[in-house]
Ligand SMILES: C[S@@+](CC[C@H](N)C(=O)[O-])C[C@H]1O[C@@H](n2cnc3c(N)ncnc32)[C@H](O)[C@@H]1O
């Protein structure tokens, strides 16, 4: 690793905060221009609009940075925190994403095109076989282990993200199977959706309220055998100095980055949430002790 890369991994969060700060005056001016006083004077609504503007710019950059691990993760090609080499086989490797999926914190739809790439199973009017298979899968008590994606529920409470998310769903030709749930993970029960084969969480468990309870609730929305695909940033437990450094950054971070918390111990919350039958969740392999924003990656099976 070069010195520049080391410095980037330590000062990276400040650069992100600077980018977020850039969108602050833009957001205020935009709300004044549209005379949207109720949003301007409500901190939670203001924060949501600010974050969605910031994420419209930052989301694609973050995606470029993390897709070398997220793409193989959803394709079942990540184990023990690292991407499997081309041609490498591992009996214990996780399965690819399939069946019905709950995407938590869908944001502006950064991963919609990847779902399409993985494979969608849409029932055509004349394709009664596929239609029957889908209905059987939805009614089944046990998670499917192969085949295409049959349905996606995109859980996204920030309405400021919905236009971009809807557009990406449309561009991917997935209007039939991708349904936006305009609510937070804490309210999924009100949507009354069937249990899912898979749950996907990418950089969002840092932002949800009461993470322990809501992760436990997500476990409850999975069918037996269902899989939870996770890529999340977490607190640094490798070195006390970076832990304290994160704590300092976190004085500003949640206020400027849509309520995101830098120091969540999400890996532990996930392990302790419930009796998983298999856990393949590890720190990201190439990250060292000085990483200010370290990650966990992997798949947990119910
Ligand atoms: C950092 S963004 C990541 C978005 C997307 N997963 C991506 O990779 O581009 C975090 C997302 O979590 C969403 N979020 C915040 N609170 C949430 C909640 N209570 N339930 C579900 N999602 C939430 C935010 O609105 C935001 O879209």
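One table, with the values for the structure above:
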{"item": "Computed label-point distance, nm, for sites residue 212 and residue 163 using a 7 Å Cα→Cβ extension", "result": "4.1 nm"}
{"item": "DSSP beta bridge pairing in the chain, given as percent antiparallel to the nearest 5", "result": "40 percent"}
{"item": "Residue of 279, 78, 199 that the Gaussian network model of the chain assigns the largest fluctuation, springs spanning Cα pairs under 10 Å", "result": "279"}
{"item": "Burial order of peptide ranges 160-170, 139-149, 100-110 (average beta-carbon count within 10 Å, highest first)", "result": "100-110, 160-170, 139-149"}
{"item": "Estimated [θ] at 222 nm from DSSP helical runs (n ≥ 4, -39500 (n - 2.57)) normalised by residues in the chain, nearest 500", "result": "-13500 deg cm²/dmol"}
{"item": "Full-extension gain in nm, residue 84 to residue 15, via 0.36 nm per residue minus C-alpha separation", "result": "21.7 nm"}
{"item": "Highest-MSF residue in the chain out of 203, 97, 40 [GNM, Cα springs under 10 Å]", "result": "40"}
{"item": "Cα gyration tensor shape for the chain, rounded if a/c is under 1.5, else prolate or oblate", "result": "oblate"}
{"item": "Residue order, fewest to most surrounding Cβ atoms within 10 angstrom, among 37, 276", "result": "37, 276"}
{"item": "Most mobile of 248, 51, 231 in a GNM of the chain (Cα contacts under 10 Å)", "result": "248"}
{"item": "Ascending count of other beta-carbon atoms within 10 Å, so fewest first, for 221, 178, 22, 153", "result": "22, 221, 153, 178"}
{"item": "The chain, relative contact order [Cα under 8 Å, separation at least 6], %", "result": "20 percent"}
{"item": "DSSP bridge orientation in region 97-220 - percent antiparallel, rounded to nearest 5", "result": "0 percent"}
{"item": "Per-residue Cβ neighbour rank within 10 angstrom, fewest leading, 266, 64, 39", "result": "64, 39, 266"}
{"item": "Share antiparallel - DSSP beta bridges, region 192-302, percent rounded to 5", "result": "70 percent"}
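Bear in mind these aren't lab numbers, they're just calculated from the coordinates by the rules spelled out. All values reported here derive from a predicted model rather than from experimental measurement. Positions of Cβ are generated from backbone atoms using ideal geometry, with glycine treated the same way; all protein chains shown enter the neighbour counts.
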